[in-house]
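> Okay, here's the structure, questions in a sec.
Please treat every number below as a calculation from the coordinates, not as lab data. Source: prediction; values computed, not measured. Cβ atoms come from the backbone with ideal geometry, glycine included; neighbour counts cover every protein chain shown.
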Amino acid sequence: MDDATLSPHFRLSELTVSQTAVRRGLRNDPPSGAVSNLRRLAHALEDVRRALGDVPIIVSSGYRSPKVNSLVGGSPTSLHLQGLAADFTAPAFGTPRQICQRIIDVGILYEELIFEGAWVHFGLAAPGAVPQRKLLTAIFLKGGPTRYVGGLL
Ligand SMILES: [Zn+2]
């Protein structure tokens, strides 16, 4: 697959990156439906980038194949499986929490916005669906599973 440009600042390779896939020697190639979702996601990330003052957005996980998703402990219904979610940071703007706050303040539409501590999870609604604007904060407890609570804590 060639490294298509999805939007002015995002290439397909950036939204299919997976350290886990590289480490395990797995392919993480999205099917065509996921590629069109990734294009929508890239355009939404352009809106986020603009809201952050045009600083670089560093995506750590976008599309995940079912195998990669299960290896990273992703939910079986994760939007990453459809190419509808990206985990990212933007250190030149601020902390993940500050990024979440900015996305909320600017009114960018999302299906899921999760403050994951070290990164932001930004998810879009499926094509044609009304975005649900689920805002969550991940709570990490020693030795237990990650819990999610409503709101930005
Ligand atoms: Zn995520």
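> Which one of A125, A90, A138 has the biggest mean-square fluctuation once the chain is modelled by GNM with Cα springs under 10 Å?
In this elastic network of the chain, the residue with the biggest mean-square fluctuation among A125, A90, A138 is A138.
> A further question follows. For F93, enumerate residues with amide H under 5 Å from its amide H, sequence gap 5+ or separate chain, H modeled in the peptide plane.
So F93 has HN proximity to no qualifying residue.
> Please work out the Cα center distance from segment 7-47 to segment 83-97, rounded to the nearest Å.
So the two Cα centres are separated by 15 Å.
> Return the Cα extents of segment 50-130 along principal axes one, two and three, sorted largest first, each rounded to a whole Å.
Computed over segment 50-130, the largest-to-smallest principal extents equal 35, 28, 18 Å.
> Pairwise over distinct Cα atoms, reciprocal of the mean inverse distance: report the Kirkwood radius of segment 90-153 in Å, one decimal place.
Working: mean 1/r = 0.0807 Å⁻¹.
Over segment 90-153, the inverse of the mean reciprocal pair distance is 12.4 Å.
> While we're here: Can you tell me the Rg and the Dmax, both Å, for the Cα atoms in segment 5-150?
Gyration radius and largest Cα-Cα distance of segment 5-150: 14.4, 42 Å.
> Further question on the same structure: Could you list which residues have their amide H under 5 Å from that of Y148, counting only those 5 or more apart in sequence or on another chain, with H placed in the peptide plane?
So Y148 has HN proximity to I139.
> Same structure, new question: Between S13 and L141, take the C-beta separation as r, use R0 = 35 Å, and let me know the FRET efficiency to the nearest 0.05.
0.50
> Which one of S36, S65, S75 has the biggest mean-square fluctuation once the chain is modelled by GNM with Cα springs under 10 Å?
Highest fluctuation of the listed residues: S75.
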